[in-house]
Structure formats: structure tokens, C-alpha cells
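Report on the structure given below.
The values are calculated or read from the model by the stated rules, or taken from the named source; none is laboratory data. None of the values given here were measured: they were computed from a predicted structure. In this analysis, Cβ positions are derived from the backbone assuming ideal geometry, glycine residues included, and neighbour counts consider all displayed protein chains. Areas reflect the complete protein model, heavy atoms only, side chains present, ligands, DNA and RNA absent. Shrake-Rupley method; radii C 1.70, N 1.55, O 1.52, S 1.80 Å.
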Amino acid sequence: GRLTYRPGRRHRLAATYYRGGDRLDVRLPLDVSFNPSELSRILRPADLFFDVDFKWGNDLGSVRYEYLFSPQFYGTATLYRSRYEAAENTQIRPTTRTLFSSDYRIGLDELGGSVGGEWFAPGGSSVRAGLQASRRSFDSFLSSHVETGTPSTPAVERSESLTLEGSLYAQSELRMAEGLRVQSGMRLSGFSLGRHYYLLPNLSVEYDAVPGEA
């Protein structure tokens, strides 16, 4: 779903939401006996029982605000959140006395936003700059249990992690002369996990030897 609201000629506010998911449910009681009697085979408990329940899906919501400061200057601000989840529940009974079960769940959550602007100069040149930031968290849970007729303790594992990411960028596109275009920019990115920082410059030159021809 998407909703757009224009409170004025220079303003525009848009909200977007998406949700999707899938589920796979498989239950297979199997009788692997070779008993020729159909009645006894129906009444007899299944030797092999296989039960799998998978669920996964994601949802995403965002709000974007756009403002035209002037015919040459344009600004935007965006806020978003996304969540992905998956779960797996499995039960396998290879014999009438043994049962294996497991429960596995994961989740990935991201919250972020950005602010940017672009200025258009006479002649076709432009300058763009902005700031982006995001917060990502990951969590997982795993539990397994084996029953063989005697008391047993399930094995449980949990994991969680959190990371922050931010970037600051600026880019210019200059039309030096007819057919000559120069793009230059700089991007500074930082990651809290491991405290990594990167400075990425960019420069490209394009020349059209025959202006106006495709």
C-alpha cells in the first residue's frame, strides 16, 4: 500500500507499507512395514513420522518527505523500518520409541533514515549531498530435543548481534563545455561492528565527440 499527500505545491509526503509471507506445512505419517494385511497396516502406528512447519516473511514501512525550496534546490528526508523473520519446526519419529524435534527461529530488523538535497545550476550542472544512517539487529534461537524413552535435556542456543552504519556523501556533475561532463564525489562510511571506516572518492569524465547524436 502507498499513500501520497500534497499539503502544498512545494511539499509531498508519501507513506508505504509492504508485508509478505509464506508457510510450508508438511505432515507425512509413513508406514514402512511390509504387512500384507491392509486392515492391520491402517491400524498399526506409523513407523516413520515426518512433520515440518516452515514460516518466513518480511514487512517494510517507510515515510518520505520531499520539499522544493526553490526551482533549483530540492530536498528529501526518509525514515524506514524493515523486519524479516523465519521459523522452522521439525519433528521426526524414525521408530515408535524415538522422537527428534527441533525449533529454529531467526530475525533481522533494520531501522534507518536519510536526509539529502540536490541543487541544479544553470547550464545543466548539479550538486548532490546527503547523510544516511541505519541500525541492524540480528537474533536467532535453536532448540533440539531427542527422546528415546529416557529423560533428556534439550540443547538450546541463542545469538544476538547489533551493528550501526552511517555514511556521508557529496557528488557534483559539471558540464564544462558542449559535450564534456565531469562527475566527482566523495563518500565516507563507518561501521560499528569492527569499527571500520572507508573513504571512497569517485571521478569520471565523459566527452561526446558528436554532440546531439545518439
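Put simply, of Arg93, Arg83 the only residue that is basic (Lys, Arg), touching a strand residue (DSSP E or B) at 6+ places or on another chain (Cβ under 8 Å) and over 24 Å from Leu3 (Cβ atoms) is Arg93.
Among the residues making up region 119-164, those that are open to solvent by 50 Å² or more (accessible area, probe 1.4 Å), touching a residue at least 40 places away in the same chain (Cβ under 8 Å) and assigned to a strand (DSSP E or B) are Trp119, Phe120, Val127, Arg128, Leu142, Val146, Glu147. Exactly one residue among Gly75, Gly57 is over 30 Å from Phe100 (Cβ atoms), assigned to a strand (DSSP E or B) and at pLDDT 90 or above, and that residue is Gly75.
Please work out if Ala15 is modelled with pLDDT of 95 or more, part of a strand (DSSP E or B) and out of contact with any helix residue (DSSP H, G or I) (no Cβ under 7 Å at 6 or more places or on another chain). Answer is yes for this residue. Ser33 fulfils the conditions (1) at pLDDT below 90; (2) part of a strand (DSSP E or B); (3) small (Gly, Ala, Ser) except for a single criterion, (2). Among the residues in region 159-178, are any touching a Phe, Trp or Tyr at 6+ places or on another chain (Cβ under 8 Å) and among the acidic types (Asp, Glu)? The answer is yes, given that some residue of region 159-178 is touching a Phe, Trp or Tyr at 6+ places or on another chain (Cβ under 8 Å) and among the acidic types (Asp, Glu).
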